[in-house]
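Take a look at the structure set out below.
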Amino acid sequence: MSAETPYRLELIGISKSYARDGKPFQVLDNVSIRVREGEFVTLLGPSGSGKSTLFRLTGGVELPDAGEVRIGGKPATGERGLIGYMPQQASLFPWMTVAGNIAAALEIAGVPRREALASAKEWLARIGLDAVAGEHPGVLSGGMQQRVSFLRALLMPRDVMCLDEPFAALDALTRTEMQQWLLRQWEERRRSVLFVTHSIEEALTLSDRIYVLSAAPARVLREIAVPFERPRRADVWMDPQFAELKRDILGLLRRGDSDAV
């Protein structure tokens with residue numbers, strides 16, 4: 001990716017505090033994050049390090065105390081509806097069918113109903129879920145629900161996707177399978193992704209770059225370019241450099257957490 005490639009998403013000098021027990025508690029301290037066109041960038045840090053707060057600021061749900069959000073090179077601080085979002089839980093509408101859930105998201109984005117439903121069924125077939133298109137989410141496994149949730153975010157006509165620990169609630173085997181599945185779908189369309197996790201292995205498996213955050217008040221400890229080629233191998237974790245990077249990041253997180261105390 002060339003140095004001239006424009007950034008799809010920029011979080012510039014972001015600071016944010018909340019009230020806790022009647023006193024200000026700083027969550028983010030001058031954090032800057034950038035995601036290029038078609039890049040998969042991960043925020044990695046301990047629980048409570050402000051990763052999800054950054055997503056709320058990116059989506060315009062909250063305003064920063066200081067700093068600026070830019071999407072596609074344009075000011076977007078406080079602007080809603082500019083990103084695709086996948087939360088930790090699938091959050092599908094239980095009264096709608098699987099196809100209806102996906103179509104509803106597309107309709108909200110302005111796609112005509114008939115076109116939205118046709119697109120939903122076409123994509124469900126492409127990912128092997130056409131057999132459950134008419135089912136309700138409650139009958140699906142956790143992994144299947146997450147596939148539907150990711151597909152809904154993927155099909156939203158937005159340049160940036162924010163994925164907030166989408167596999168955290170899954171068992172280890174299903175989580176590994178979902179990581180590989182996500183990579184295959186993402187490779188097809190190469191949307192700009194900002195991904196949140198507290199798993200070092202997940203960050204190294206999925207990302208082009210990783211921003212390692214300290215404990216609150218979060219700051220960027222290091223920006224890491226992940227050296228593994230794409231398409232990413234399913235057994236990339238066996239690469240000796242994978243283990244080396246994991247040790248380095250773990251040490252960085254431990255030192256960062258200690259410094260923040």
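The values are calculated or read from the model by the stated rules, or taken from the named source; none is laboratory data. Source: prediction; values computed, not measured. In this analysis, Cβ positions are derived from the backbone assuming ideal geometry, glycine residues included, and neighbour counts consider all displayed protein chains. All accessible areas refer to the heavy atoms of the entire protein, side chains included, with ligands and DNA or RNA removed. Shrake-Rupley method; radii C 1.70, N 1.55, O 1.52, S 1.80 Å.
In segment 173-215, which residue that is among the aromatic types (Phe, Trp, Tyr) and assigned to a helix (DSSP H, G or I) is modelled with the lowest pLDDT?
Trp181
Of all the residues that make up segment 79-112, how many are of a type in the set (D, E, K, R) and in contact with a helix residue (DSSP H, G or I) (Cβ under 6 Å, 6 or more places away or on another chain)?
Qualifying residue count, segment 79-112: 1.
In segment 157-172, which residues are within 14 Å of the chain's Cα centre (by Cα), touching a residue at least 40 places away in the same chain (Cβ under 8 Å) and assigned to a loop (DSSP other than H, G, I, E, B)?
Across segment 157-172, the qualifying residues are Arg158, Asp159, Glu165, Pro166, Ala168.
Can you tell me which residues in segment 111-138 are in contact (Cβ under 8 Å) with a residue 40 or more places away in the chain and either part of a loop (DSSP other than H, G, I, E, B) or over 19 Å from Tyr85 (Cα atoms) (or both)?
Correct list: Val111, Ile127, His136, Gly138.
Inside segment 172-188, can you point out the residues that are in contact with an Asp or Glu (Cβ under 9 Å, 6 or more places away or on another chain) and of a type in the set (Lys, Arg)?
Arg175, the sole residue that qualifies.
Please indicate, with yes or no, whether at least one residue in segment 49-59 is under 13 Å from the mean Cα position of the chain (by Cα) and basic (Lys, Arg).
yes
Give Gly142, Gly138, Gly128 a once-over and let me know the one that is at positive phi and more than 13 Å from the chain's Cα centre (by Cα).
Gly128
May I ask you to list the residues in segment 88-99 that are closer than 26 Å to Arg175 by Cα and open to solvent by 20 Å² or more (accessible area, probe 1.4 Å)?
Passing the criteria: Gln88, Gln89, Ser91, Leu92, Phe93, Pro94, Met96, Thr97.
In segment 120-131, what residues are in contact with a Leu (Cβ under 6 Å, 6 or more places away or on another chain) and either surrounded by fewer than 18 Cβ atoms within 10 Å (Cβ to Cβ) or under 19 Å from Trp95 (Cα atoms) (or both)?
Asp130, the sole residue that qualifies.
Report the residue count in segment 217-244 for those that are open to solvent by 30 Å² or more (accessible area, probe 1.4 Å), touching a helix residue (DSSP H, G or I) at 6+ places or on another chain (Cβ under 6 Å) and more than 30 Å from Ser17 (Cβ to Cβ).
2
Looking only at segment 203-233, which residues are acidic (Asp, Glu) and in contact (Cβ under 8 Å) with a residue 40 or more places away in the chain?
Asp208
Please count how many residues of segment 180-216 are of a type in the set (S, T, N, Q), closer than 14 Å to Arg233 by Cα and buried (at least 21 other Cβ atoms within 10 Å of the Cβ).
So the count comes out to 2.
Six or more apart or on different chains, Cβ under 7 Å: which pairs go from a residue in segment 70-86 that's more than 12 Å from Arg8 (Cα to Cα) and of a type in the set (Phe, Trp, Tyr) to one that's outside any loop (DSSP other than H, G, I, E, B) and at pLDDT 90 or above? Could you list them?
Listed by first residue and then by second, the contacts come to Tyr85/Cys162.
Among the residues of segment 102-119, write down those that are among the basic types (Lys, Arg) and open to solvent by less than 50 Å² (accessible area, probe 1.4 Å).
none
Looking only at strands (runs of 3 or more DSSP E) that lie completely in segment 19-73, which have at least 2 residues being at pLDDT 90 or above and open to solvent by 40 Å² or more (accessible area, probe 1.4 Å)?
Passing ranges, in order: 23-36, 66-71.
Go through segment 139-150 residue by residue and tally those that are buried (at least 20 other Cβ atoms within 10 Å of the Cβ) and part of a loop (DSSP other than H, G, I, E, B).
The total comes to 0.
All but one of (1) open to solvent by 10 Å² or more (accessible area, probe 1.4 Å); (2) farther than 22 Å from Val98 by Cα hold for Glu177; state the number of the condition that does not hold.
Unmet for Glu177, out of (1) open to solvent by 10 Å² or more (accessible area, probe 1.4 Å); (2) farther than 22 Å from Val98 by Cα: (2).
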